[in-house]
Amino acid sequence: MQRSALLAGLAIGATVYATDSSANSFAHCVSALRSSATASGVSQAVFDTALRGVRPDPEVLEKASRQPEFTKPIWEYLDGAVSDRRVADGRKMKRRYRRQLAAIEATYGIDRHILLAIWGLESAYGAVLDNPEIVKPTIRSLATLACQGGRRAKFGRTQLTAALQIIERGDIAAGQMTGSWAGAMGHTQFIPTTYNAYAVDFTGDGRRDIWHSVGDALASTANYLAKSGWRTGAPWAYEVRLPAGFDFTLADGAEARPIAAWKHAGIVHADGSNLDPAGGDATLVLPAGASGPAFLLFKNHRVIRRYNNAFAYALAIGHLADRIRGDGPFATPWPRAETPLDVAERRELQAILNRRGFSAGGIDGKVGPRTRSAVRAFQRSAGLVADGYPSRSLLKRLRAGG
């Protein structure tokens, strides 16, 4: 599991850690971690040196306690993630590190543009690693979570032990080990357990240095993607164009179908050309409904989501990679006049649908298959395009009884 997926999972209530915040109790907790660390191969000398005088970091606890409700439209996220500046910087890094990228691609079979995109999105090509407002001492952050992280303390303990194992191995000194507040480290933001499983010494200097060696960092990421099932030479996704009268129940993003089946359904590339049958099976998604872009997603899209399971993140990585390669923006514009529903509005949508006999299931604010099916049923009854997308305009229509 990678950095951003973990940040979402680390949300804890502020009152959870407030009852155990004294310096003495923190020091006692840290001391109690010694036995499990040494049982995992960490020497007492490394443990004592790394954790001597460590104090909890209030900012880590504050960030861990946040439970933001993400309602930013996907196009706004992509505007920032795939900005002109990030594309230009990616192309610059492609030229600067062309030899290393060629060697890594030849070794692991991972498209260099995907590696550049991950590097760009995770650390702005290493620029954030010099920002003290973002980068923190990893041992302190993880000790804070381990001892005051509430229900997420287990994560902190596991990652702290893994971080100490990295120091024990000699890859980096404790004072140089830095990362995010949640312990994600280096140019491409590996958490310690992922580092221990997948980091490689690509430069051959005897250390797996994802903090200072771009070659090691990108090769480690390539190794991670390769072992996660990346298909060399295969696409991650296509933007496509749907025919008039398309059956939007096929756009569930769940069932993979052969390209021949999508061709039979009348789908073509966004530029109107025929689909390449060599792509393999794919799923169809419409992130903003029928009025926005449509995509066929392949297995490599799912591999990107092993790095971070958010759909928007994987879409941004793939699109940024394509832009660095030289491709243009998406052909179909996003419906920027729409804004996504927040949790309360999604619950209201479900409640109204249920009251009107369109079974949306539980009122939990989560738009799953039952809610989308209920939205489609209502849309059909109202003579609308039945794409199953819960838009704000749809909610207004339901409120008005239309």
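The values are calculated or read from the model by the stated rules, or taken from the named source; none is laboratory data. Because the structure is a prediction, the values reported are computed rather than measured. In this analysis, Cβ positions are derived from the backbone assuming ideal geometry, glycine residues included, and neighbour counts consider all displayed protein chains.
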Subset tally (residues that are touching a residue at least 24 places away in the same chain (Cβ under 8 Å), farther than 20 Å from Glu76 by Cα and exposed (fewer than 14 other Cβ atoms within 10 Å of the Cβ)) for segment 332-374: 1
Hey, Gln44 exposed (fewer than 12 other Cβ atoms within 10 Å of the Cβ), modelled with pLDDT under 95 and among the polar types (S, T, N, Q) or not: no
Top-ranked residue in segment 47-87 [being at pLDDT below 95, touching a helix residue (DSSP H, G or I) at 6+ places or on another chain (Cβ under 7 Å) and small (Gly, Ala, Ser); ranked as nearest to Ala310 (Cα to Cα)]: Ala64
Pair list, Cβ under 7 Å, 6 or more apart: segment 190-205 residue in contact (Cβ under 8 Å) with a residue 40 or more places away in the chain, other residue β-branched (Val, Ile, Thr): Phe190/Ile210; Pro192/Ile166; Phe202/Ile104
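A quick yes/no check of all residues on (1) at pLDDT 95 or above; (2) over 21 Å from Ala27 (Cβ atoms):
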site: Glu122; (1), (2): yes, yes
site: Lys136; (1), (2): yes, no
site: Arg140; (1), (2): yes, no
site: Leu145; (1), (2): yes, no
site: Gly149; (1), (2): no, no
site: Gln159; (1), (2): yes, no
site: Leu164; (1), (2): yes, no
site: Ala174; (1), (2): yes, no
site: His187; (1), (2): yes, yes
Qualifying residue in segment 329-343 (condition: of a type in the set (Lys, Arg) and within 24 Å of Tyr238 (Cα to Cα)): yes
His264, sole failed condition from (1) of a type outside the set (D, E, K, R); (2) surrounded by fewer than 20 Cβ atoms within 10 Å (Cβ to Cβ); (3) closer than 23 Å to Gly328 by Cα: (3)
Flag for Asp322 being farther than 15 Å from Ser291 by Cβ and touching a His at 6+ places or on another chain (Cβ under 8 Å): yes
Selected residue (criterion: nearest to the chain's Cα centre (by Cα)) from residues of segment 185-232 that are charged (D, E, K, R) and surrounded by fewer than 23 Cβ atoms within 10 Å (Cβ to Cβ): Lys227
Verdict on Leu320 being out of contact with any Ser or Thr (no Cβ under 8 Å at 6 or more places or on another chain), aliphatic (A, V, I, L, M), in contact (Cβ under 8 Å) with a residue 40 or more places away in the chain and within 13 Å of Leu78 (Cα to Cα): yes
Among residues of segment 213-266, those that are outside any loop (DSSP other than H, G, I, E, B), of a type in the set (Gly, Ala, Ser) and touching a residue at least 60 places away in the same chain (Cβ under 8 Å), counted: 6
Single residue of segment 120-157 satisfying the filter (free of Cβ contacts under 8 Å to residues at least 24 places away in the same chain and assigned to a loop (DSSP other than H, G, I, E, B)) that is farthest from Gly215 (Cα to Cα): Glu133
Enumeration of residues in segment 340-396 that are of a type in the set (D, E, K, R) and either in contact with a His (Cβ under 9 Å, 6 or more places away or on another chain) or farther than 17 Å from Ser291 by Cα (or both): Asp342, Glu345, Arg346, Arg347, Glu348, Arg355, Arg356, Asp364, Lys366, Arg370, Lys396
Counted residues, segment 106-119 - those being charged (D, E, K, R) and without any contact (Cβ under 8 Å) to a residue 40 or more places away in the chain: 1
Options Ser213, Ser141, Ser220; residue that is among the small types (Gly, Ala, Ser), within 23 Å of Ala124 (Cα to Cα) and outside the structural domain of Tyr108 (by TED's automatic domain parsing): Ser141
